[in-house]
Amino acid sequence: MSNRTYNVLFLSTQNTARSIMAEAMLNAVGGGRFRAFSAGSQPAGKLNLFAVEQIRALDDSLNGLRSKSLDEFSEPGAPEMDFVITMCDVAAGEPCPVWPGQPASANWNFRDPAARQGPVDGIRQEFFTVCREIKTRLEIFRNLPAEALDEMALQRKIARIAGVQL
C-alpha cells in the first residue's frame, strides 16, 4: 500500500463552480492520500455563491478556495500534478482547458450548473445535482487501489522522461 500523497488538479473554464466543488470535496475526504487544487483557463476571480452553498451544505471547508488561473500551476515552484481532471461539458460545446505535460488526465464531462438560467430554486437544484454527481465520481476515484493510482502516475512519468505523449 502506497503512503504517498497524490496531487490532483481540477480544471474548468472559469474556476467558479465544478472545479471548486471538486477541490473542496476531495480535500475534505482525501485523508492525506490526495491534495486537490483547482484552476481555470479564464478564471472569473470569484466563487459562485451557489457552489459555496453546496460546499457548506456538505460541511466542507472553504479555506483557501479562490478562483485562480491554471498559469499558477505552471510556474516554477508549483506543485507537480499526478492527475489533471477537466470538468467541462463537451456535449454542450464548452471548451476544455488544456494542460501541458504528462500527468494522468481525464475529462469528467459535467454540465455547468452556473449556465443554468431561470428561477433561483431551479438553479439551486442544478447545483445540488451536479455537486452530488461530482461527489459520486470523487468517491470512486478516492477508492481506487493505491497500486492502480501508482501505476497511472508512474506510466505518465516514464512517458515524460522518454518524451512520449500517452
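Yes/no matrix, rows are residues, columns are (1) farther than 14 Å from S38 by Cβ; (2) of a type outside the set (G, A, S); (3) free of Cβ contacts under 8 Å to residues at least 40 places away in the same chain; (4) surrounded by 16 or more Cβ atoms within 10 Å (Cβ to Cβ):
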| residue | (1), (2), (3), (4) |
| --- | --- |
| D89 | yes, yes, yes, yes |
| N107 | yes, yes, yes, no |
| R116 | yes, yes, yes, yes |
| F128 | yes, yes, no, no |
I need every pair where a residue in the range 31-42 that is modelled with pLDDT under 95 has its Cβ under 9 Å from the Cβ of a residue that is aliphatic (A, V, I, L, M) and surrounded by fewer than 19 Cβ atoms within 10 Å (Cβ to Cβ), sequence separation at least 6 or different chains.
R33/A146; S41/V98
Output the residue which, of all residues in the range 25-60 that are assigned to a loop (DSSP other than H, G, I, E, B) and of a type in the set (G, A, S), is farthest from F128 (Cα to Cα).
G32
Here are L11, L65: which of them is crowded, with 19+ Cβ neighbours inside 10 Å and assigned to a strand (DSSP E or B)?
L11
Contact list please: Cβ distance under 9 Å, first residue in the range 56-73 and farther than 13 Å from A39 by Cα, second residue part of a loop (DSSP other than H, G, I, E, B), pairs at least six apart or on different chains.
R56/L62; L62/L47
Residues being of a type in the set (V, I, T) and within 13 Å of A28 (Cα to Cα) - total across the range 38-64:
1
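The values are calculated or read from the model by the stated rules, or taken from the named source; none is laboratory data. What you see is a predicted model; the values in this text were computed from it and never measured. Note: ideal-geometry Cβ built from the backbone for every residue, glycine included; neighbour counts use all protein chains shown.
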